[in-house]
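The values are calculated or read from the model by the stated rules, or taken from the named source; none is laboratory data. Quick caveat: nothing in here was measured; it's all calculated off a predicted structure. All Cβ positions, even for glycine, are placed from backbone atoms using ideal geometry, and neighbour counts span all protein chains on display. Note: accessible area is taken over every heavy atom of the protein model, side chains too, but ligands, DNA and RNA are not part of it. Shrake-Rupley method; radii C 1.70, N 1.55, O 1.52, S 1.80 Å.
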Amino acid sequence: MNDTPLFDYGPLAAALQRFADERDWQRFHTPRNLMLALTGEVGELAEIFQWKSDAECARLADDPAAWTHLNEELADVLLYLVRLAGVLGVDLDHAVRDKLAKNALKYPAPPAM
């Protein structure tokens with residue numbers, strides 16, 4: 001895999017840093033606390049799908065309130081993930097490109113017929 005960035009999360013990371021700085025939240029944004037918050041948000045995302053059939057999940061966009069809720073929970077997961085990576089100094093784009101390359105080796109595509 002080449003070094004072409006897959007996504008630029010830098011502006012989001014900077015915005016999250018400013019948001020935390022403006023509220024003096026740095027002392028709370030430890031890796032442990034951010035991971036626990038991320039886990040909580042993933043749980044809230046999972047609740048949207050809990051006890052629904054695959055067909056019901058596929059129709060979430062048909063209900064404006066459910067769709068808004070889904071979007072908010074996905075955003076929360078992304079925000080905490082990017083914040084955690086920033087606090088830890090992880091380059092998410094590099095990590096993703098590296099993991100995709102490893103997955104391609106581990107799970108090769110079947111030969112074209």
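Counting the residues of the range 88-112 that are within 30 Å of residue 32 (Cα to Cα) and part of a loop (DSSP other than H, G, I, E, B) gives 3. Can you pull out the residues in the range 57-68 that are open to solvent by 80 Å² or more (accessible area, probe 1.4 Å) and either touching a residue at least 12 places away in the same chain (Cβ under 8 Å) or assigned to a helix (DSSP H, G or I) (or both)? 58, 62, 64, 67, listed by residue number. Residues in the range 15-56 that are part of a helix (DSSP H, G or I) and of a type in the set (Ser, Thr, Tyr): 39 only.
Residue-level check: of (1) of a type in the set (A, V, I, L, M, F, W, C); (2) modelled with pLDDT of 95 or more; (3) touching a helix residue (DSSP H, G or I) at 6+ places or on another chain (Cβ under 7 Å), residue 15 misses just (3).
Within the range 4-47, track down each residue that is of a type in the set (A, V, I, L, M, F, W, C), open to solvent by less than 60 Å² (accessible area, probe 1.4 Å) and either in contact (Cβ under 8 Å) with a residue 24 or more places away in the chain or closer than 15 Å to residue 74 by Cα (or both). Matches in the range 4-47: 12, 13, 16, 20, 34, 37, 38, 45, 46.
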